[in-house]
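Each remark here refers to the structure printed beneath this line.
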Amino acid sequence: MKKFLSHALAASMVLAASSATIAQNFNDPEEYARQLEQLSMAPNGPEGKPWVQYLVDKMADTAKYAKEGPHTVCFSNAGVNNPWRVVGFTNMTQEVALHPEIGKFVHVDAEGSDDKQIADIADLLASGNCDILIVSPNTTAALTPAVEAACKKLPVIVFDRGVQTDCPVTFIHPVGGYGFGIQGAQFIADNVKPGANVLMLRILPGVDVLETRYSAGRRILDNAGLNIVGAEFTDGDNAKTKSIVEDYLQRGSIDAVWMDAGATAVAAVEAFEDGGHDIPVFVGEDQQDFLQKWRALDMKAIAPTYPTYQWRTPIIAAVRILKGEAVPGPEWVLPQPAITQETLDTYINDKMPPLHYAMCGCQDMPNYPVAWGGVK
C-alpha cells in the first residue's frame, strides 16, 4: 500500500515554491473590458442548460487523456463552509450520480485552509488512485504551485476560483468577478444621484473572484462620482454585518449598499429596518431569503449571481476528458446572469431553504428539491 505524504511535509514542500509566485493583478483593465463584453454575449450550447453552455468558442484537445472506465474522479475542495458552497457541492454530488462512467468520487475538504488544501492535493497525487483531479482553490496565489505539481501527473480541472497557471486542461467559471462587480455597481450608479453615499461590504481578502468584484465595483462607483463611505469586511457573519451597517447609519445616511457576496444581505437590510431607516438601493445575491425580502419590501435591488450551476460543469468536463472528447479550454466561460425586478418572481421558491441559491440549475435533477433541503 502506498503511503500518503504527511500533511506537514506536503505543505512545507509546496509552500516553499509559492514564495516565488507573483501576486495577481486584481485591477486589470483588459480583463475588466473582456468581462464587460462577455456579460452581453450570446452563449454557445444547448438552450436552457447554462451549465454546459460556453461563451468563448475555443476547444481543448483531450484525446491523450482517454482511458477505459469506470473512473475515479478526485476533488480538492476549498471548503463546504458557506451556504453557496453547500448548494454547489450538492449540485456536484447529484451530477456525479448521473454518470455511470464514474466508479468512485473522492472528495477532500480543505476547510478554508491553504495549508490543508496543499497537503490534500499532495496526498491525492501520492495515492496514485485518481484518474482526474478537480480543484476549487481556497486562494489564488497559494494554490498555484500545488496545481502545477498536479498537472505533471494527471489531467486537472480548476473551477470557481482561479490559479496563476494555464496548465489545467480547462478553467471552468462564469464570466467572473469583474462581471459581478460591474452588474451591481452599474445598477447603483443608474439609480442614485451623483454624490450619493455608498457602503461597500466585502467578505474576505485574497480570493480572486472577490477581489475583482471589489475593484470593478469601486471603479464604476468612483467614476460615477459617488461617495464611498466605507469598504468593510464582514467575514460572512450576519451579526458582524448588521453591526457594521448600524455603525455607519449612526454616522450618516446611506443611499446604496454594494456587496461582493449576498449571504448576509438580509442582515444588512434588517439593520435599516430595525433603525427605522428607508431601505436604500441594494446589491444582494440569489439566495432565497434575500429574494423574498426584496419582494416583501418592494426594494430597488439587483442580484448579480455567481451561479451555483457551475458546480455541475466540472463533473461533465471530467467525463468528457476521460473519453478523449474536446471541451471548451483553456477556459470554459459560463454565462453569468443577474436577477432583476423583471425576473425576480421566476426565481423565488418558498419551498426552498432561506440560503438556497436560486441560480442552481438543479431543478431538472432527479432528487430536486429534497437533496437541497427543499420540500416537495
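Annotations for the structure displayed:
- Projecting the Cα positions of LEU221, TYR248, VAL283 onto the charge dipole of the range 177-304 (unit charges on Cβ atoms of Lys, Arg, Asp and Glu, taken about the Cα centre) puts LEU221 furthest along the positive direction.
- Acute angle (nearest 10 degrees) that the helix 114-127 long axis makes with the longest principal axis of the chain, alpha-carbon atoms: 20
- Assuming charge only on the beta carbon of Lys and Arg (+1) and of Asp and Glu (-1), the dipole of the chain about its Cα centre is about 860 debye to the nearest 20.
- Pairwise centroid distance, computed over Cα atoms, of the range 340-374 with the range 46-108, Å: 20
- With contacts taken as Cα pairs under 8 Å and at least 6 residues apart, the chain reaches a relative contact order of 23 percent.
- Cα-based helix-to-principal-axis angle, 29-38 vs the chain, degrees rounded to 10: 90
- Candidates HIS99, HIS173, HIS71: whichever shows maximal mean-square fluctuation once the chain is modelled as a Gaussian network with Cα springs under 10 Å: HIS99
- For the range 29-104, the convex hull drawn through the C-alpha positions has a volume of 181 cubic angstrom per residue.
- Residue with peak Gaussian network fluctuation, the chain [Cα springs, cutoff 10 Å], from GLY79, GLY275, GLY184: GLY275
- For LYS300, a cut-off of 27 angstrom between C-alpha atoms picks up these lysines, skipping any fewer than 8 places away in its own chain: LYS193, LYS240, LYS242, LYS351.
- Calculated P(r) of the range 66-179 - Cα pairs past 20 Å, %: 38
- Residue exposure sequence - VAL80, VAL266, VAL87 - by fewest surrounding Cβ within 10 Å: VAL80, VAL266, VAL87
- Of all DSSP beta bridges in the chain, antiparallel share, percent nearest 5: 15
- Using only alpha carbons, the range 26-67 has a radius of gyration to Kirkwood radius ratio (Rg to Rh) of 1.12.
- About the Cα centre, charge dipole magnitude for the range 220-294 (Lys/Arg +1, Asp/Glu -1 at Cβ), debye: 120
- Debye, to nearest 20: dipole size of the range 227-348, +1 on Lys, Arg Cβ, -1 on Asp, Glu Cβ: 540
- Between the range 198-225 and the range 130-170, the C-alpha centres lie 26 angstrom from each other.
- Computed with the Debye formula from one identical point scatterer per Cα of the chain, without solvent, the log10 of I(q)/I(0) at q = 0.09, 0.10 Å⁻¹ comes to -0.51, -0.63.
- Comparing VAL147, VAL319, VAL283 in a Gaussian network model of the chain, where Cα atoms under 10 Å apart are tied by springs, the biggest mean-square fluctuation is seen for VAL319.
- Pair-distance distribution of the range 177-304: all C-alpha pairs, bin width 5 Å, starting at 0; shares per bin in whole percent are 2, 12, 24, 27, 23, 11, 2, 0.
- Helix 208-223 axis, angle to the chain major axis (alpha carbon atoms, nearest 10°): 30
- Two-decimal Rg to Rh for the range 253-337 - Kirkwood Rh, Cα set: 1.21
- Ordering ARG85, ARG213 from the fewest to the most neighbouring beta carbons within 10 Å gives ARG85, ARG213.
- At the listed q of 0.16, 0.22, 0.29, 0.32 Å⁻¹, the Debye profile of the range 97-139, built from one uniform point per Cα, gives log10 I(q)/I(0) equal to -0.47, -0.79, -1.09, -1.21.
Laboratory data are not the source of any read-out in this text; all were calculated from the coordinates shown. All figures in this text were calculated on a predicted structure; none of them were measured in a lab. Here the Cβ is made from the backbone with ideal geometry for all residues, glycine too, and neighbour counts use every protein chain on show.
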